[in-house]
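Report on the structure given below.
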Amino acid sequence: MADPGSSDAPPGLLLWALVLGLTGVVAGVFGPAIFAPQVQRNPLIGALVTGPLALIFGMLLGKAVQRSGLTARLQWQVLFGCAGALVTTTLYFGLRG
C-alpha cells in the first residue's frame with residue numbers, strides 16, 4: 001500500500017468528494033456572479049445545486065475510479081479532468097440567462 005504522503009498515492013474517496021464539491025460551489029457562486037452579474041440567481045446555483053450535486057457525483061465517481069484499477073497517476077488526471085469539465089459545464093449553464 002502506498003504512503004498517503006507520497007506522490008504515487010491515489011486520491012481518496014473523501015478527496016474526490018471535496019475537490020468536486022468545492023469546485024461546484026465556487027464555479028456556481030462566483031462564475032455567474034463575475035460573468036453575468038445581472039442574473040439574480042447567482043449564489044443559488046452554487047450553494048443549492050452544483051455544490052451538493054458535485055459532492056455526490058464526486059463520491060460516486062471516486063468509488064468507481066478506485067474500483068476500476070487505474071494507476072494512481074491516471075486517477076489524479078481523471079479527478080482534475082472532471083473538475084475542469086464541471087467548471088465548464090457550470091459556467092455554460094449558469095451564463096445562459
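Derivation of every value follows stated rules applied to the coordinates shown; laboratory data play no part. Just so you know, these numbers come straight off a predicted model, no measurement behind them. Cβ placement follows ideal geometry from the backbone for every residue including glycine, while neighbour counts extend to all protein chains displayed.
Quick notes on this one:
- Positions within the range 75-92 being closer than 10 Å to PRO11 by Cβ and either outside any helix (DSSP H, G or I) or not aliphatic (A, V, I, L, M) (or both), in sequence order: GLN75, TRP76, PHE80
- Which numbered condition ALA9 fails, given (1) surrounded by fewer than 20 Cβ atoms within 10 Å (Cβ to Cβ); (2) in a helix (DSSP H, G or I): (2)
- Qualifying position, being farther than 18 Å from THR88 by Cα and not basic (Lys, Arg), among ALA54, ALA33, ALA72, ALA27: ALA72
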